[in-house]
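The values are calculated or read from the model by the stated rules, or taken from the named source; none is laboratory data. In this text, all values refer to a predicted model and were calculated from it rather than measured experimentally. Glycine gets a Cβ as well: all are built from the backbone with ideal geometry, and neighbour counts include every protein chain shown.
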Amino acid sequence: MKITQIQTTVEDHHIAKLAAIAIALHMVEAVIPSPIPGVKPGLANIVTLYVLYEYGFAATAWVSILRVFASSLLLGQFLSPTFALSLSGAVLSLAALWLAQHLPKKWFGPITLSILAAFAHIGGQLLLVRLWLIPHAGVAYLIPVFATAALGFGLMNGIITAKLISNKQKKSV
Amino acid sequence: MRMLNLQRYLKRLQCKRISAYFLPGDVMLLAIGVLGVFYLFQLLWSTEHATKVQIRLADKIYATYSLKLQREVHVPGKLGDTVINIANGKARFAQSPCQGQYCVHQAWLSLAGQAAICLPNQVSLELLGENKPYDSLNY
């Protein structure tokens, strides 16, 4: 019997490890009750951002999309509206990161990227809610609440990421 | 041993202030973000009193009434009649055949832009102000 073995690279292992951390954070977040439905800290984005700085954009996209798929399978939400929301948020925030990574590094750090990604994330989700789930102008009423959360949690995640990166740099020096 | 590690860890945490992580662009973006959020609140959470109520059934506008005249509206939804009260510049879901009764629990609404939605019966109401252009409501 022939056993097919998939050849994996060191890069693949890194991506798998980091995606696993992101999934774990996603799971932790799923059991934390939120005062407002839909408002979550998005801790998994810390991993996404960290990967962007350490491994580049392609790895980031992998980690982010793997996280969305694997988490939804684990939570039993695969192909449900929750999954669609998660995916649309992830795709839009990846797009934002793809654009934002070209900003001059001297002026813009992880905090900028984190806030931009958070806004893109919530923007993608609200767009999907408005177009598909609740096609009603009343959705606009919720935008300020979600925008505030995006700013606050984006800032928090950005600071954590900045700290992680600077710790890593200190260790390697 | 454990203690020592913890102490070292705490020391490492203290060695850099949070402000050290902010680059000029970060501060700028944060400022823009704060202003943007304030603007959104101003724009979308108006405190203007509504003058009209628009009732929707499924994907169509069922009726639009002035809030000045007292009225009881029966809207034939998917599950049955939803009763909407209009009085004294306010509107509410008075009765609904749905399970959750979320729409009824929203009680009286009076500000422009406020909305109550009953998904099971596919009935919704939105309050309109003087300034809100009609076109923006259509999707």
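Name, by its number, the condition in (1) in contact (Cβ under 8 Å) with a residue 12 or more places away in the chain; (2) surrounded by fewer than 18 Cβ atoms within 10 Å (Cβ to Cβ); (3) under 15 Å from the mean Cα position of the chain (by Cα); (4) more than 25 Å from A:E54 (Cβ to Cβ) that does not hold for A:L127.
Among (1) in contact (Cβ under 8 Å) with a residue 12 or more places away in the chain; (2) surrounded by fewer than 18 Cβ atoms within 10 Å (Cβ to Cβ); (3) under 15 Å from the mean Cα position of the chain (by Cα); (4) more than 25 Å from A:E54 (Cβ to Cβ), the lone unmet condition for A:L127 is (3).
Do you know which residues across the stretch A:133-173 are hydroxyl-bearing (S, T, Y) and modelled with pLDDT of 90 or more? Let's see the steps before the verdict.
Quick first cut of the stretch A:133-173, residues hydroxyl-bearing (S, T, Y) only: A:141, A:148, A:161, A:166, A:172.
Result: A:T148, A:T161.
Say we look at the stretch B:85-115 and pick out the residues that are within 14 Å of another protein chain (Cβ to nearest Cβ) and touching a Ser or Thr at 6+ places or on another chain (Cβ under 7 Å); which of these is farthest from B:R71 (Cα to Cα)?
Applying the filter and picking the extreme gives B:G113.
Which numbered condition trips up A:D12, out of (1) farther than 17 Å from A:S86 by Cβ; (2) surrounded by fewer than 13 Cβ atoms within 10 Å (Cβ to Cβ)?
All conditions pass for A:D12, except number (2).
Which condition number does A:S64 fail, the rest of (1) over 29 Å from B:G129 (Cβ atoms); (2) buried (at least 16 other Cβ atoms within 10 Å of the Cβ); (3) in contact (Cβ under 8 Å) with a residue 24 or more places away in the chain; (4) within 14 Å of another protein chain (Cβ to nearest Cβ) being met?
Every condition holds for A:S64 apart from (4).
Is it true that A:V39 is among the β-branched types (V, I, T), surrounded by 15 or more Cβ atoms within 10 Å (Cβ to Cβ) and under 15 Å from A:L66 (Cβ atoms)?
Details: among the β-branched types (V, I, T): yes; surrounded by 15 or more Cβ atoms within 10 Å (Cβ to Cβ): yes; under 15 Å from A:L66 (Cβ atoms): no.
Considered against the rule, which asks whether it is among the β-branched types (V, I, T), surrounded by 15 or more Cβ atoms within 10 Å (Cβ to Cβ) and under 15 Å from A:L66 (Cβ atoms), A:V39 comes out as no.
Are any residues in the stretch A:78-110 within 24 Å of A:A24 (Cβ to Cβ), out of contact with any Ser or Thr (no Cβ under 8 Å at 6 or more places or on another chain) and not aliphatic (A, V, I, L, M), and if so, which ones?
If the condition is that a residue be within 24 Å of A:A24 (Cβ to Cβ), out of contact with any Ser or Thr (no Cβ under 8 Å at 6 or more places or on another chain) and not aliphatic (A, V, I, L, M), then A:P81, A:S88, A:G89 are the ones that fit.
I'd like to verify a number: residues in the stretch A:40-56 that are over 20 Å from A:Q169 (Cβ atoms), more than 10 Å from the chain's Cα centre (by Cα) and part of a helix (DSSP H, G or I), how many?
Number satisfying all stated conditions: 0.
Check off (1) out of contact with any Leu (no Cβ under 8 Å at 6 or more places or on another chain); (2) more than 14 Å from A:N157 (Cβ to Cβ) for A:P81 and give me the number that stays unchecked.
(1)
Check A:I6, A:I15, A:I36 and return the single one that is outside any helix (DSSP H, G or I), over 22 Å from A:M156 (Cα atoms) and modelled with pLDDT under 95. Let's see the steps before the verdict.
Working: A:I15 fails: outside any helix (DSSP H, G or I); A:I36 fails: over 22 Å from A:M156 (Cα atoms).
Being outside any helix (DSSP H, G or I), over 22 Å from A:M156 (Cα atoms) and modelled with pLDDT under 95 holds for just one of A:I6, A:I15, A:I36, which is A:I6.
Of everything in the stretch A:68-95 that's in contact with a His (Cβ under 8 Å, 6 or more places away or on another chain) and within 19 Å of A:L113 (Cα to Cα), which residue is surrounded by the most Cβ atoms within 10 Å (Cβ to Cβ)?
Of all residues in the stretch A:68-95, those in contact with a His (Cβ under 8 Å, 6 or more places away or on another chain) come to A:71, A:89-90, A:92-93.
From the residues that got through so far, the ones that are within 19 Å of A:L113 (Cα to Cα) too are A:89-90, A:92-93.
On the way: A:G89: 25, A:A90: 24, A:L92: 20, A:S93: 29.
Result: A:S93.
Please indicate, with yes or no, whether at least one residue in the stretch A:79-87 is within 14 Å of chain B (Cβ to nearest Cβ) and in a helix (DSSP H, G or I).
Taking the stretch A:79-87 as the starting set, the residues that turn out to be within 14 Å of chain B (Cβ to nearest Cβ) are A:81.
Now restrict to residues that are in a helix (DSSP H, G or I): A:81.
Within the stretch A:79-87 (the criterion being within 14 Å of chain B (Cβ to nearest Cβ) and in a helix (DSSP H, G or I)), the answer is yes, since at least one residue qualifies.
For the list (1) surrounded by 13 or more Cβ atoms within 10 Å (Cβ to Cβ); (2) in a helix (DSSP H, G or I), I need the number of the one condition that A:V28 fails.
(1)
Restricted to the stretch A:117-173, and to residues that are part of a helix (DSSP H, G or I), facing chain B (nearest Cβ under 8 Å) and among the aliphatic types (A, V, I, L, M), which residue is nearest to A:L103 (Cα to Cα)?
A:A162
Among the residues of the stretch B:45-84, write down those that are within 14 Å of chain A (Cβ to nearest Cβ), over 20 Å from B:H105 (Cβ atoms) and not hydrophobic (A, V, I, L, M, F, W, C).
Filtering the stretch B:45-84 down to residues within 14 Å of chain A (Cβ to nearest Cβ) leaves B:45-48, B:50, B:52-62, B:64.
Among the residues that remain, those that are also over 20 Å from B:H105 (Cβ atoms) are: B:45-48, B:52, B:54, B:57-62, B:64.
Scanning the stretch B:45-84 gives B:S46, B:T47, B:E48, B:K52, B:Q54, B:D59, B:K60, B:Y62, B:T64.
Considering each residue of the stretch B:64-80, count those that are closer than 17 Å to B:N121 by Cβ, free of Cβ contacts under 8 Å to residues at least 24 places away in the same chain and surrounded by fewer than 15 Cβ atoms within 10 Å (Cβ to Cβ), and give that number. Break it down stepwise before answering.
Step one: of the stretch B:64-80, the residues closer than 17 Å to B:N121 by Cβ are B:72-80.
Now narrow it down to the ones that are free of Cβ contacts under 8 Å to residues at least 24 places away in the same chain: B:72-74, B:76.
With the extra rule that they be surrounded by fewer than 15 Cβ atoms within 10 Å (Cβ to Cβ), the set shrinks to B:72, B:74, B:76.
Residues meeting the conditions: 3.
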